[in-house]
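One structure below.
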């Protein structure tokens, strides 16, 4: 038994042919004064499996009861190299269980597990050489443009009437599915597992709610003990409201949270209306949106990490969402990270064989991945997690008249008139016009406490830029070309208000890191 | 006397030394059954001048009374070539008095009239070779970054206490000012005259309201008969609320409208809060904003022309508003025109001599003007004015639940489920989140009835694009590279739903024009 690695117990028991999704197998694992209860699952051929993820070191005892029983004990050794435990949301960033910072750099291969073996292999090979440490993928197959293939297996057996028998998981499916998940996890990639989605011709999107929960029960028994897994309730939950009401979705959310013994990251992904990130079980916001200017406001509001899990894909499709350039994809990544959020890549280049990375995998063809690698290297070299620096105008825009009064009181005399002028004008606009108006004046800035400051200048072609740095600390300033992937120290040991000189072109970032 | 050209009468009368801004001189001009009353002004040295802009052909008689008097008659000849009369807002576009379509392609030289003669000459020479047919310029001098010079003259004489004596216009100022206006007008450029602005160290922004009206009275008597002039009440009226209340601004607006006998275009320009374009005297919206995705919604709301009179300037300043690339400036122009609106250029490149085109003029240095010329050529070749095609999702987003029901009823069966799904999700968002969310999915499309359709694809790198054209008409399709300034016919005689093939890169526009 090893900390942060799945521990598995296997028992022989009665062979089941029906309703084996919810077998009566419960295990209690005790370490010191802490007890964790987990449920076992039926794995076919009379095999009953209990999986457990030990998160502490020390002596564990267990007791299994139900259809099968047993007990035992083992010493749990400290984590092996590279094993950090499950990812947890901490304030507005992520850390692994052992405290290691985790910064998501995701991609999507939605229907990865529904592809033939050769394509899966090719995809895994691509992932090995790619900069991504999180992949969004579905349990169920996908039916959509460029997605017409049948999967090798389905998650359930069928009833005689042709409908899905959710009580009888298809073990060939689950064994193959898990094998793929393990291959991905072995590459240190988090699996952002999409439990439901609307792109369906088989009926998986329209199961009755009791079947939804039964399926989740089985899935959670099997997969919860994997350290690298996240729960994404849906891709675009809101396109599925005809078959699952808001109350159904809430029940699904609550069910997953209640039946996951470890608290894996949990979120729900939208097409239009965002899932309410303030709900207690939601660990982080997983947003589809292109309105990246609002990131700081949302992080401030929810005080949880925010992943822009869909902001269009690099490609050339006829669809709006699948036709941004590599440069635009890279800029969107920088906008997110320089706002204290995270971004997810996807790639949709037209192809005669209908194999587009975004959903089916294969080879990466775009120009963005190597620039995302460059960004990742920079972000991971920072001394902590970035948090957004809210634009002053937006703060002013969101202030009530009373808050505006308070803001003015603490300002230096010489700034008061100026701020009051803008504040008064903003107060005359309604919230919608205010935020839309200001979204066009957005500056992308984030900080790691007073240790580092990041500006992504995006379209702004500053020849000079005025930075406000703390007066009592010294910083080194680097200029970064996000597309050319160059970084250059342009100032050493500056402090306080600092004017820097730049070449006056698009796509530059500026990084100030504390020295000494 | 010639139609659409200023007709001037000069009388000798008493020499005045004080309070000559509002002399008692009234003229009635009659043509057929129509009478127009205009006021005359004192031009110094006992000269009293009446200016009139005849808009009809035929026999005019006039009668002047007050401090001076006289009468006369003249036949007004039909308009000479190139004379089209004042610009009028018609529906959501502009036409000259004679019905010629006028499509604004503006620039800013805010403090043009406050520069030394040599610089004014250089600026006029630049304008001669530039693609602009409207220039935003101020009456009063400008005090701001890169604007520190004193003007050659001021609009008023001073009182003994050093304050401005608005009752005594400085005739050296007005003669020189008018000479500049006439030089600009002679190049067929509309003067979008800014009557007030906040960037001031002389006190012109802080005159008492009765002086504001007295100044306007004099200005309107002098300039109203110029055919090429527009009234922009302010640049950034809302940064001036400390000295002019909203009620003061309304009074200024109403005063200008009431004292302009011809109805020149009239608007008011904001920094943050937009001036209410639904006010009856406002002929068009003059917006500072970078939120170009909202254009179609605003045009729909106000049913007036919309000019984006400030959307950042091509340049490299340390300021957000003065540091976009030439490419970005060109893209913003295309976004505006492909939304049925108009855009205004400005240029702010750092310069040792502090002469930046945006406010002081000189030479144009940027990369955008020649591309704006290319755009202008295309737009002016269209068979009419462009009107926005509102994005279907935005329409859906703005619909009330009842309107959504109505929309669904008229949809073909096969689209209903899809639209209902999106509609329902959008209904769950508040208006702010809805519009901000959708602003990121904007498509820029406009049409000239069923005669022409324009798509600006902006960042979208479509390799294929699906156009919806009317079934009963035939179109030629051109692909336009807005930066490389190329246009190429890619389809002839297509009709109805049409799939076109494009090279999958940014910055392309597609134009469908009706043939046959």
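Overview of results
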{"read-out": "Square roots of five times the Cα gyration tensor eigenvalues for region A:87-380, Å", "value": "27, 23, 18"}
{"read-out": "Partner chain coverage, peptide A:415-426 - average Cβ within 10 angstrom", "value": "3"}
{"read-out": "Rg(Cα)/(2.2 N^0.38 Å) for region B:274-322, N = residue count", "value": "1.31"}
{"read-out": "Cα principal axis extents for region A:443-516, largest first, Å", "value": "31, 21, 20"}
{"read-out": "Relative contact order [Cα under 8 Å, 6+ residues apart], chain B, whole percent", "value": "11"}
{"read-out": "Ranked list, fewest to most other Cβ atoms within 10 Å of each Cβ, for A:244, B:214", "value": "B:214, A:244"}
{"read-out": "Size-normalised alpha-carbon gyration radius of the protein assembly as shown, reference 2.2 N^0.38 Å", "value": "1.11"}
{"read-out": "DSSP bridge orientation in the protein assembly as shown - percent antiparallel, rounded to nearest 5", "value": "70"}
{"read-out": "Calculated label separations, residue B:100, copies of the chain, 7 Å along the beta-carbon direction, nm", "value": "7.3"}
{"read-out": "Reduced Cα scattering model of chain B, Debye log10 I(q)/I(0), q = 0.07, 0.13 Å⁻¹", "value": "-0.43, -1.30"}
{"read-out": "Proxy reagent accessibility, fewest Cβ within 10 Å first, across B:499, A:221", "value": "B:499, A:221"}
{"read-out": "Beta carbon of chain A nearest to the axis of the rotation taking A to B, residue and angstrom distance", "value": "A:432, 2"}
{"read-out": "Reference-scaled alpha-carbon Rg (2.2 N^0.38 Å with N residues) for region B:392-441", "value": "1.09"}
{"read-out": "Relative contact order computed over region B:296-432 (Cα-Cα under 8 Å; 6+ residues apart), in percent", "value": "20"}
{"read-out": "13 Å tail of the calculated P(r), region A:204-253, as % of Cα pairs", "value": "61"}
{"read-out": "Which of B:493, A:253 has the fewest Cβ neighbours within 10 Å, and the rest in rising order", "value": "B:493, A:253"}
{"read-out": "Semi-axis lengths (Å, descending) of the ellipsoid that matches the C-alpha gyration tensor of region A:7-76", "value": "24, 10, 9"}
{"read-out": "Relative contact order for region B:103-381, counting Cα pairs under 8 Å that sit 6 or more residues apart, in percent", "value": "20"}
{"read-out": "Rg/Rh (Cα only; Kirkwood hydrodynamic radius) as it applies to region B:1-155", "value": "1.03"}
{"read-out": "Size descriptor, Kirkwood hydrodynamic radius, that averages inverse alpha-carbon separations across region B:118-164, Å", "value": "13.5"}
{"read-out": "Residue-averaged [θ]222 nm for the protein assembly as shown, counting only DSSP H segments that reach four residues, each worth -39500 (n - 2.57)", "value": "-8000 deg cm²/dmol"}
{"read-out": "Inter-chain Cβ neighbour average for residues A:494-504, partner chain, 10 Å", "value": "1"}
{"read-out": "Radius ratio Rg over Rh of region B:336-402, counting only Cα atoms, Kirkwood formula for Rh", "value": "1.20"}
{"read-out": "Rounded to whole Å, sorted largest first: equivalent-ellipsoid semi-axes of region B:375-510, Cα gyration tensor", "value": "30, 18, 14"}
{"read-out": "Two-decimal log10 I(q)/I(0) for region A:134-235, as the Debye equation yields it once each C-alpha is a single scatterer, q = 0.12 Å⁻¹", "value": "-0.39"}
{"read-out": "Within 10 Å of each Cβ in A:285-292, the average number of Cβ atoms from other chains", "value": "3"}
{"read-out": "Listed peptides B:13-25, B:432-444 by packing density, highest first (mean Cβ within 10 Å)", "value": "B:432-444, B:13-25"}
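We did not get these values from a lab; they are worked out from the coordinates using the rules stated. Please read these numbers as outputs of a predicted model, since none were measured by experiment. So basically every Cβ, Gly included, is an ideal-geometry build from the backbone, and we count neighbours across all protein chains shown.
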